[in-house]
Amino acid sequence: TQARVRVVAGVTSSAAVAASLSGTTLMGSTVAPALSDYTLVTAGSATPTVTVNGTAVALASTPTLLAGGDYTLLVYGAPGTASAAMVTDDNSLPSDTSKAKLRLINGVSGTTLTLKLGLVVKASGIASGAASDYTLADATTTGSIQVTSADGLLDFSAGTLTLQASGVYSVLMLGSTSAPVGQLNRDR
């Protein structure tokens, strides 16, 4: 009867983000960028309450949370014009347990993003407020993560890393094209 929801506060200007769902606090007033832990909530149709610096932010649609499902509430953009979107997570093990699952969550307003692991494109054309599908990645390969925008304004690289077998990872891109904040998060 429950689902799990976490909040990614990706707004610019170190704004404070707060979020709750059906009376359950998901994130208290927290300065962005920040990522909360998953919180158990009642499954079903419910509209999260989200504020940025005390100003309400509306979701484009009311999400239906499935029992047993995991979700990320993404809050992004500039204070005063911030947006919020609910993204479905899949923290199940990879189909090939010798590999890792990897995806990109785009919290940068106004641009689509491409994710590369080493020299291999893993996701492309990911719109603001959206997440790519999960892709399998070799767990034994050491490489770098690079995220670029279609308009060429954003070029973010993370150093050398090794993904763990059976790991589930999200690359979070937050902030703005002029000051991007990237984070690799192991979700499982």
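The values are calculated or read from the model by the stated rules, or taken from the named source; none is laboratory data. What you see is a predicted model; the values in this text were computed from it and never measured. Quick reminder, even Gly has a Cβ in these numbers, built from the backbone with ideal geometry, and neighbours come from all protein chains shown. The area values use the complete protein model at the heavy-atom level, side chains included, leaving out ligands, DNA and RNA. Shrake-Rupley method; radii C 1.70, N 1.55, O 1.52, S 1.80 Å.
General observations
- Scan of the stretch 13-25 for residues that are buried (at least 24 other Cβ atoms within 10 Å of the Cβ) and touching a Leu at 6+ places or on another chain (Cβ under 9 Å), ordered by number: Ala19
- Residues of the stretch 124-146 that are more than 14 Å from the chain's Cα centre (by Cα) and either surrounded by 14 or more Cβ atoms within 10 Å (Cβ to Cβ) or closer than 18 Å to Ile105 by Cα (or both): Ser124, Gly125, Thr135, Leu136, Ala137, Asp138, Ala139, Thr141, Gly143, Ser144, Ile145, Gln146.
- Single residue of the stretch 165-188 satisfying the filter (small (Gly, Ala, Ser) and more than 14 Å from the chain's Cα centre (by Cα)) that is least open to solvent (accessible area, probe 1.4 Å): Gly167
- The residue of the stretch 123-145 that is modelled with the lowest pLDDT, among those that are over 25 Å from Gly77 (Cβ atoms) and of a type in the set (A, V, I, L, M), is Ala139.
- Some residue of the stretch 94-109 being open to solvent by 40 Å² or more (accessible area, probe 1.4 Å), among the acidic types (Asp, Glu) and assigned to a strand (DSSP E or B): no
- One residue stands out among those in the stretch 110-121 that are without any contact (Cβ under 8 Å) to a residue 60 or more places away in the chain and within 13 Å of Gln146 (Cα to Cα): the one that is most open to solvent (accessible area, probe 1.4 Å), which is Leu119.
- Every condition in (1) in contact with a Lys or Arg (Cβ under 8 Å, 6 or more places away or on another chain); (2) within 24 Å of Gly182 (Cβ to Cβ) holds for Met27 except the one numbered (1).
- The condition of being within 17 Å of the chain's Cα centre (by Cα), more than 22 Å from Tyr134 (Cβ to Cβ) and in contact (Cβ under 8 Å) with a residue 12 or more places away in the chain holds for only one of Ser83, Ser29, Ser22, that being Ser83.
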